[in-house]
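Notes to accompany the following structure.
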Amino acid sequence: MKDSVIYVGIDVHKDTNSVCMYDRQDNTFFAEAKLDAGTDIMVKYLKKAVKDYGLSGEFLLGYEAGPTGYGLCRGLKKHGYNCVIMAPTTIKKASGDKVKTDRKDARLLSITLASNGFRKVYLPDPTDENTKEFTRTRNTLKGHLKKAKQNLLSFLLRMGVSYPESGNYWTEKHRQWLGTLSFKDWMLQLSFDTLWQEVKDLEPR
């Protein structure tokens, strides 16, 4: 019966998780597997490993922070497992090893857990994560607004229409000037109206 801490490195991807267990006392890797993604599948794998390898110690599981988010870590914690998310920039990679595989990454993570050679990433609560998504959405819209303003100014530049006043664009005076512009050709007028309206629609959003 193994009664030491078992370190479980998980190389997490969208559809699969590559897993490796490491026993520091024996300096051995074992129970390496490639699983379908999902907390329930991971929990079933851990329970099976307990039976197959006679494990009686605790698990410490960890994976790198990345685009897959925090769902797996939260799910494992709900099932009573100790799981951490590791900052990728703090994990020491093997020098000269240019061949990258999921199995190697899982092994590296398991050893890194055992040596405590990483910085733990803060696990946000749902409110934190919702705030982050809200901020991302706002920043996306700010980018759309910036592009819409550039599109309108570029159109006017191509038409040879320049703001006659000195000073910054998008002041109240500049907006009033934009409201006075018109074009004889209906296609140009529609282009201007569409670009100007896009700016006005995005600003309150």
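The values are calculated or read from the model by the stated rules, or taken from the named source; none is laboratory data. Values in this document were obtained by computation on a predicted structure and should not be read as measured data. Quick reminder, even Gly has a Cβ in these numbers, built from the backbone with ideal geometry, and neighbours come from all protein chains shown. Accessible surface is based on the protein model in full, side chains and every heavy atom, while ligands, DNA and RNA are left aside. Shrake-Rupley method; radii C 1.70, N 1.55, O 1.52, S 1.80 Å.
Would you confirm whether any residue within region 7-24 is touching a Leu at 6+ places or on another chain (Cβ under 9 Å) and part of a loop (DSSP other than H, G, I, E, B)? For region 7-24, residues touching a Leu at 6+ places or on another chain (Cβ under 9 Å) and part of a loop (DSSP other than H, G, I, E, B): absent. Counting just the residues of region 98-116 that are open to solvent by less than 40 Å² (accessible area, probe 1.4 Å) and among the polar types (S, T, N, Q), which one comes out farthest from residue 15 (Cα to Cα)? By that ranking, first place goes to 112.
Scan region 30-44 and give yes if some residue there is farther than 29 Å from residue 136 by Cβ, assigned to a strand (DSSP E or B), touching a residue at least 60 places away in the same chain (Cβ under 8 Å) and hydrophobic (A, V, I, L, M, F, W, C), otherwise no. No, that holds for no residue.
Please give the helices (runs of 4 or more DSSP H) falling wholly within region 84-198 in which 3 or more residues are closer than 30 Å to residue 7 by Cα. Break it down stepwise before answering.
Values: elements: 102-115, 126-158, 172-178.
In region 84-198, 102-115, 126-158 are the helices (runs of 4 or more DSSP H) which contain 3 or more residues that are closer than 30 Å to residue 7 by Cα.
The sole residue among 78, 44 that is among the basic types (Lys, Arg), closer than 22 Å to residue 132 by Cβ and either open to solvent by less than 50 Å² (accessible area, probe 1.4 Å) or out of contact with any Lys or Arg (no Cβ under 9 Å at 6 or more places or on another chain) (or both) is 78. Here residue 95 clears all of (1) of a type in the set (Gly, Ala, Ser); (2) modelled with pLDDT of 95 or more; (3) surrounded by fewer than 13 Cβ atoms within 10 Å (Cβ to Cβ) except the condition numbered (2).
When the residues of region 33-70 are filtered to those that are over 15 Å from residue 18 (Cα atoms) and aromatic (Phe, Trp, Tyr), the one that is modelled with the highest pLDDT is 59. Tell me, please, whether a residue that is within 34 Å of the chain's Cα centre (by Cα), open to solvent by 70 Å² or more (accessible area, probe 1.4 Å) and not hydroxyl-bearing (Ser, Thr, Tyr) can be found in region 148-156. Checking region 148-156: at least one residue is within 34 Å of the chain's Cα centre (by Cα), open to solvent by 70 Å² or more (accessible area, probe 1.4 Å) and not hydroxyl-bearing (Ser, Thr, Tyr). Candidates 162, 166: the one that is farther than 30 Å from residue 67 by Cβ, out of contact with any helix residue (DSSP H, G or I) (no Cβ under 8 Å at 6 or more places or on another chain), open to solvent by 80 Å² or more (accessible area, probe 1.4 Å) and among the polar types (S, T, N, Q) is 166.
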